[in-house]
């Protein structure tokens, strides 16, 4: 499948992708068949007749048969452990482990009889582990299937289908093939293929997480506060997409994780810088309001602004920088309004005083004129 060669993590710009809205639904119908039968070949007894002195020393052939039986039991035990048989059948597992421990403690056989008896016991132990494997396999496969679907849901909720629709739909196709194997009872094949599909969903989710953090940083232009981490995060995010397309899932997830870490640091440093700037602006307007005597002229309004300003400092000390920045910005606006209201009151008061003084002056002038008129008449 050819993918569009677009770059998700564009540097120094707030680019939002216009994404496809109609996507192929992921419809999975489960219809489990019975698990395949496990034939414990290790239980088959040899048909060779018993010959030789059982109390005599073990010969090369009997020792080799003992070693082969033990190796078969080790392999069967490892297979049962891989499908987590101990969790599904704890009592049977403990019983098998007890027999395994006893056989292991018995050590290497010294006589021909010991070699044959212990080889037989190792074959029986292998059969027990094979039985546990056969019973645990379908349960283990079902659990892994649920984990696969949970990984898909997590990637979907993170926005991976919107951000990288072609990749997500391609993984969905692989997941459907895995589901078909589950439905057909091919648990071993489903487990083998399902691991890679699971890993792909995990990488897509991590890429989506990194992209969401980048978008938040872009909204506030936080690149100005931490350009180094922003640039490194963008590079890591783009590398993750490229490596995902190449099938290098471990490296892709490592790069996506680095992008998450880098953009997380950008946000942390950005919020600190952004909050400090908003604090300085609020402080300047608060000082301007005080100089305009707003704490007296519009006392109630000033106290409300000061309350929010103090709340911002509390949030800042607690490390809640986004809350602090919002409160500083709000208090700054209120302090400015208080300053303007106080100045307006002062202007009106000065105008009223000027008018009053003018009327007094006019009254005094009128009184002088009247006195002069009276004086002339006399």
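The values are calculated or read from the model by the stated rules, or taken from the named source; none is laboratory data. What you see is a predicted model, and the numbers here were worked out from it, not measured in a lab. Every residue, glycine among them, receives a Cβ derived from its backbone with ideal geometry; neighbour counts consider all protein chains shown.
Some points to look at:
- Residue among 322, 311 that alone is surrounded by fewer than 16 Cβ atoms within 10 Å (Cβ to Cβ), touching a residue at least 12 places away in the same chain (Cβ under 8 Å) and within 30 Å of residue 271 (Cβ to Cβ): 322
- Just one of the listed residues (289, 305) is more than 30 Å from residue 215 (Cβ to Cβ), within 43 Å of the chain's Cα centre (by Cα) and crowded, with 21+ Cβ neighbours inside 10 Å, and it is 305.
- For the stretch 261-283, the condition holds for no residue, the condition being that it is closer than 30 Å to residue 146 by Cβ and surrounded by 19 or more Cβ atoms within 10 Å (Cβ to Cβ).
- Top-ranked residue in the stretch 158-173 [being closer than 18 Å to residue 214 by Cβ and without any contact (Cβ under 8 Å) to a residue 60 or more places away in the chain; ranked as surrounded by the most Cβ atoms within 10 Å (Cβ to Cβ)]: 160
- Among (1) within 30 Å of residue 92 (Cβ to Cβ); (2) surrounded by fewer than 21 Cβ atoms within 10 Å (Cβ to Cβ); (3) at pLDDT 90 or above - the single one residue 177 does not satisfy: (1)
- Residue 251 vs. criteria surrounded by fewer than 17 Cβ atoms within 10 Å (Cβ to Cβ), in contact with a helix residue (DSSP H, G or I) (Cβ under 7 Å, 6 or more places away or on another chain) and modelled with pLDDT of 95 or more: yes
- Evaluation of residue 125 against (1) buried (at least 16 other Cβ atoms within 10 Å of the Cβ); (2) in contact (Cβ under 8 Å) with a residue 60 or more places away in the chain (one fails), failing number: (2)
- Checklist (1) over 17 Å from residue 198 (Cα atoms); (2) assigned to a helix (DSSP H, G or I); (3) in contact with a helix residue (DSSP H, G or I) (Cβ under 6 Å, 6 or more places away or on another chain) applied to residue 161, failing item: (1)
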